[in-house]
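Structure record follows, encoded as structure tokens.
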Amino acid sequence: MRVGVLRGFLSRRYLGFWEAYLKALGVEVVRVEVPPARHQPYCLPVQELLAQVEALKAQGVDYLLLPDLQGGMESEKGGGQCPWLLDLEATLLRYFPGLPPVLKVPAELSERVLGRAGEVGHLLTQNPMLVGRALDRVRGLLKPPPPLKTPLGSVGVVAQPYLLEEESFRRTVEEALAREGLIPYFPDLPPEKLREEGDRLLPMDLPTDRELVGMVHYLHRLGRVKGLLLVVSYACPPIPGILRKAVRRLAKPHRLVTLGEDWQEALRSLKEEMQGG
């Protein structure tokens, strides 16, 4: 039995547990390292996702492990208009008609995941005793990972959670800001706390939207943060709309930039505004 797993799209939040659990079940876990399919008309994170799925499909995995980014919630507002965020499985099925059978799992860890883990284990092994032993071995891994550390800079960085969880994205932001003598401050609260922050500013339905808006509210109220950098993926039209609506309620300088484009003029003018110029 071979199960393909994906890097990115919040994998830091859930994959450590599931990889350990699958291995404890005696299942072969298959990862691939492939360059993004840059010819595709999608944002870079989706290009990377598609390249991985295509490579796993070519290797003939029996199942594909996918995260449920919204915890089963549906919405016609905000990020719900982006199919990759709303229902990853359904969108991939439209792109890859011959997609391997999917094991959809929560994109976050808590004791509530045990029920789904038991279901997956029984499906893969048909052996209740093996499933029980495997769960006992990995139960200690159900704690959510702590937020990534952040430089204590003056520019608060807001982006979709699946971007901010990636070290490569953070390096891109740090390098761009450093060219203007600026230092970032990435949101350093757990996801559930950021969602609570979002509810105070602009109520949204989907967890990823609530978290995104929560970053705006949290970073805006930090005294050390003098301005906000809002980063979007070029093919996600709903996300800029959410961010513009959120920042209209705030007073600090901000700039909206697109991943993959040149930000230097925007960063230069943001720095001037932060310094009162």
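The values are calculated or read from the model by the stated rules, or taken from the named source; none is laboratory data. Nothing here was measured: the structure is a model prediction, and the numbers come from that model. FYI the Cβ positions are ideal-geometry reconstructions off the backbone, even for glycines, and counts take in every protein chain you see. For the accessible areas, the whole protein counts, side chains as well, though only heavy atoms, and no ligand, DNA or RNA atoms are used. Shrake-Rupley method; radii C 1.70, N 1.55, O 1.52, S 1.80 Å.
What a 1.4 Å probe finds exposed on region 152-207 is 49% carbon and sulfur by accessible area, rounded to a whole percent.
How much accessible area per residue does region 126-275 have, in Å², with a 1.4 Å probe?
For region 126-275, the per-residue accessible area is 48 Å².
Sorted into 5 angstrom bins from 0, the C-alpha pair distances of region 131-235 split as 2, 12, 21, 21, 16, 10, 7, 5, 3, 2, 0 percent. When you filter the trypsin sites (Lys or Arg not before Pro) in region 1-75 for DSSP loop state and at most 16 other Cβ atoms inside 10 Å of their Cβ, you are left with R7, R31, R38. In Å, the Kirkwood hydrodynamic radius of region 182-248 over pairs of distinct alpha carbons? The answer is 12.2 Å. Taking only the alpha carbons of the chain, we obtain Rg and Dmax values of 19.7, 68 Å in that order. Looking at this model, which pairs from K104/K193; K104/K245; K149/K271; K23/K104 are more than 21 angstrom apart at the alpha-carbon? Checking Cα-Cα distances, K104/K193; K104/K245; K149/K271 exceed 21 Å. By accessible area, using a 1.4 Å probe on protein heavy atoms only, region 1-65 has 47% of its surface on carbon and sulfur.
The 3J(HN,Hα) values that the Karplus relation (6.51, -1.76, 1.60; θ = phi - 60°) gives for region 27-38 are, in residue order, 8, 7, 9, 10, 10, 10, 10, 9, x, x, 7, 5 Hz. Gly and Pro appear as x. For chymotrypsin sites (Phe, Trp or Tyr not before Pro), the sites in region 138-235 that DSSP calls loop and that have at most 16 other Cβ atoms within 10 Å are Y234.
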